[in-house]
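The values are calculated or read from the model by the stated rules, or taken from the named source; none is laboratory data. Keep in mind that what you see is a predicted model, and the values were worked out from it rather than measured. A quick note on method: Cβ atoms are made from the backbone with ideal geometry, for glycine too, and the neighbour counts reach across all protein chains shown.
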Amino acid sequence: MPVGVPTLSRGSASFLATLITALGLYFAVLAPPAHAAENFCGVTLQPYGQSGDRCYGASHHIYGVNLVTYERAGCVDIANGSNELLQSWQCVGASSGYEIQGIPNDGVNRKGVVRNNNLSFTGFFNAAEFCWTGC
């Protein structure tokens with residue numbers, strides 16, 4: 001053995017291996033999930049064109065947004081952090097669902113937007129954002 005090179009005893013090597021394994025498991029548990037979802041909306045929206053006719057999700061790194069309508073027709077879209085719409089509204093009738101998919105994994109935060117598509121009546125709507133990493 002060269003002079004000045006430290007060696008590990010059998011007990012120290014075992015302790016070091018156990019410590020490395022424990023740290024690996026600790027950080028694996030803390031890692032964010034590959035995909036996650038977060039509900040937003042879940043409210044009654046005013047008729048289209050009135051204040052309160054839409055709801056916005058939180059800004060996340062999303063790959064999809066879904067909409068569930070109940071009493072009224074509704075629409076879903078994607079917005080940037082300034083609430084500017086990024087696509088065309090996708091609309092469905094009452095008691096329906098629709099999902100926007102295929103949003104690129106480019107690190108840009110976006111948010112889902114839902115609106116009531118009925119001109120005369122309020123309606124209850126629900127939606128969820130699906131994130132590349134933890135929402």
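How many residues are among the charged types (D, E, K, R) and at pLDDT below 95 if we restrict to region 100-135? So the answer is 1.
For region 44-64, the candidate set comprises residues that are among the aliphatic types (A, V, I, L, M) and crowded, with 16+ Cβ neighbours inside 10 Å; within that set, the residue that is nearest to Phe124 (Cα to Cα) is Leu45. The numbered conditions (1) touching a Gly at 6+ places or on another chain (Cβ under 9 Å); (2) buried (at least 20 other Cβ atoms within 10 Å of the Cβ); (3) not polar (S, T, N, Q) are all true for Leu119 except (2).
Within region 98-115, the only residue that satisfies the criterion of being part of a loop (DSSP other than H, G, I, E, B) and among the acidic types (Asp, Glu) is Asp106.
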